[in-house]
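**Student:** Dumping the structure here so I can ask a few things about it.
The values are calculated or read from the model by the stated rules, or taken from the named source; none is laboratory data. In this text the structure is predicted, and so the values were computed from the model without any measurement. Here the Cβ positions follow ideal geometry from the backbone for every residue, glycine too, while neighbour counts run over all protein chains shown. Remember, those area values only see protein heavy atoms, side chains included, never the ligands or the DNA or RNA. Shrake-Rupley method; radii C 1.70, N 1.55, O 1.52, S 1.80 Å.
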Amino acid sequence: MLTIYSEDHRLHHGAAELYRGRLVPCFEMPARAEQVLDRVKAAGLGAVVAPDPLDRAALARVHAEDYLAFLETAWDEWQALGETGDALPYAWPATGLRRDVPPEHIDGKLGFYSIDAAVPITAGTWRAITSSAACALTGARQIVEGAASAFALCRPPGHHAGARAMGGFCYLNNAAIAAQYLRDNGAGRVAILDVDYHHGNGTQSIFYDRGDVFFASLHGDPAVEYPFFLGHADERGEGDGLGANRNFPLPWGTSGADYLSALDAALADIAAFAPDMVVVSLGVDTFAEDPISHFKLHGPDFAEIGRRVAGLGRRTLFVMEGGYAVADIGANVAHVLTGFAGA
Ligand SMILES: [Zn+2]
């Protein structure tokens, strides 16, 4: 299994995020990707390659042009104010406020194009997020060209990013961009399986009214867990997408056995959809020791996730999402991938 990785991720290293009333060091940090790279190499999964040059048009298949322009220029606008620290939003167009008039000031734009304050923009953020998306696109190209599987070692992650909003450490939705690339290059139907601890709200919203991309997510119940405002079981898609969205909200403390039961149900839905190709949003923040999550999975459970996904018998692209127990993230990712490859 080829791994696609770019060192450009190091250019994005936010200093702090707003978390439970305090500014705390960002949980999403460069060491995460480097741990994963080390363990993937040690596991002997296959070659590690750099991504192809970015095709910006592929980003615009998923994200709005005004949002891409915002991401590309936000740092320069912020710096023009004399600011030297990270750009962070502090005001949002929540219920009752207008969303139809994009603000002109960068402080307004930061809120207009975000869902929370866990998305610092730094001098290197644009290059890091576009390189991350390029990793996903290169993995998708490998799949289109016939590879049975590939691993896009993306950082920053992507599944909380919507067509026009950043949030939860995510700026460009790498999995959605890859899925759209698969659709545009030969796959009639694509399924996205999101096994990150948090609901993939961005991915769901991007494909919610489409019947050609099935989205299934297992995650902490939004009644008690970020992103709080999406990810309930009654969200089944709309219009052409009715029936092509499936959420499995699970309680805090969910064990490996209970998680795998829900995974079997999600995989049965995906098998019934009969996708040509599969994208897995691979977060390992379901790990028992994860500092911001509340499931109880351990190493063997991750290997079992990989084995069961392989049971779909489809060409599969793994796209790196979350996982914040930095010392263990690499081993847990390697368990999933070797479980898949050895099945
Ligand atoms: Zn997560």
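**Student:** Mind listing whichever residues of segment 75-95 are over 20 Å from residue 122 (Cβ atoms) and open to solvent by less than 80 Å² (accessible area, probe 1.4 Å)?
**Tutor:** 91, 93, 94
To keep it simple, each residue is scored yes or no on (1) hydrophobic (A, V, I, L, M, F, W, C); (2) open to solvent by 10 Å² or more (accessible area, probe 1.4 Å); (3) under 22 Å from residue 287 (Cα atoms); (4) within 15 Å of the ligand (Cβ to nearest atom).
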site: 172; (1), (2), (3), (4): yes, no, no, no
site: 176; (1), (2), (3), (4): yes, no, no, no
site: 185; (1), (2), (3), (4): no, yes, no, no
site: 196; (1), (2), (3), (4): no, no, yes, yes
site: 201; (1), (2), (3), (4): no, yes, yes, yes
site: 212; (1), (2), (3), (4): no, yes, no, no
site: 224; (1), (2), (3), (4): yes, yes, yes, yes
site: 229; (1), (2), (3), (4): yes, yes, no, no
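**Student:** Against the condition assigned to a helix (DSSP H, G or I), on the phi < 0 side of the Ramachandran plot and more than 16 Å from the ligand (Cβ to nearest atom), how does residue 328 come out, does it pass?
**Tutor:** Taking the combined requirement at face value, the residue does not satisfy it.
**Student:** Need the failing condition index for residue 249 against (1) assigned to a strand (DSSP E or B); (2) open to solvent by less than 20 Å² (accessible area, probe 1.4 Å), just the number.
**Tutor:** Failing condition for residue 249: (2).
Matching residues to (1) away from the ligand (no atom under 16 Å from the Cβ); (2) open to solvent by 60 Å² or more (accessible area, probe 1.4 Å); (3) under 30 Å from residue 17 (Cα atoms):
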| site | (1), (2), (3) |
| --- | --- |
| 236 | yes, yes, no |
| 265 | yes, no, no |
| 272 | yes, yes, no |
| 282 | no, no, yes |
| 286 | no, no, yes |
| 310 | yes, no, no |
| 313 | yes, yes, no |
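**Student:** Would you please list the contacts, defined by Cβ atoms under 8 Å and residues six or more apart or on different chains, that run from a residue in segment 274-291 that is free of Cβ contacts under 8 Å to residues at least 12 places away in the same chain and over 17 Å from residue 248 (Cβ atoms) to a residue that is assigned to a loop (DSSP other than H, G, I, E, B) and open to solvent by 10 Å² or more (accessible area, probe 1.4 Å)?
**Tutor:** Final answer for the pair search is 288/298.
**Student:** Across segment 156-170, what is the number of residues that are over 9 Å from the mean Cα position of the chain (by Cα) and either more than 15 Å from the ligand (Cβ to nearest atom) or farther than 19 Å from residue 111 by Cα (or both)?
**Tutor:** Qualifying residue count, segment 156-170: 4.
**Student:** Please tell me if residue 151 is away from the ligand (no atom under 16 Å from the Cβ), at pLDDT 95 or above and closer than 22 Å to residue 239 by Cβ. Walk me through it before giving the result.
**Tutor:** Working: away from the ligand (no atom under 16 Å from the Cβ): yes; at pLDDT 95 or above: yes; closer than 22 Å to residue 239 by Cβ: no.
It is false that residue 151 is away from the ligand (no atom under 16 Å from the Cβ), at pLDDT 95 or above and closer than 22 Å to residue 239 by Cβ.
**Student:** Another one. Would you check which residues across segment 99-128 are touching an Asp or Glu at 6+ places or on another chain (Cβ under 9 Å) and under 18 Å from residue 27 (Cβ atoms) and list them?
**Tutor:** Matches in segment 99-128: 116, 117, 118, 119, 120, 121, 122, 125, 128.
**Student:** Filtering segment 290-302 down to residues that are within 20 Å of the chain's Cα centre (by Cα) and surrounded by 18 or more Cβ atoms within 10 Å (Cβ to Cβ), which residue is farthest from the ligand (Cβ to nearest atom)?
**Tutor:** 302
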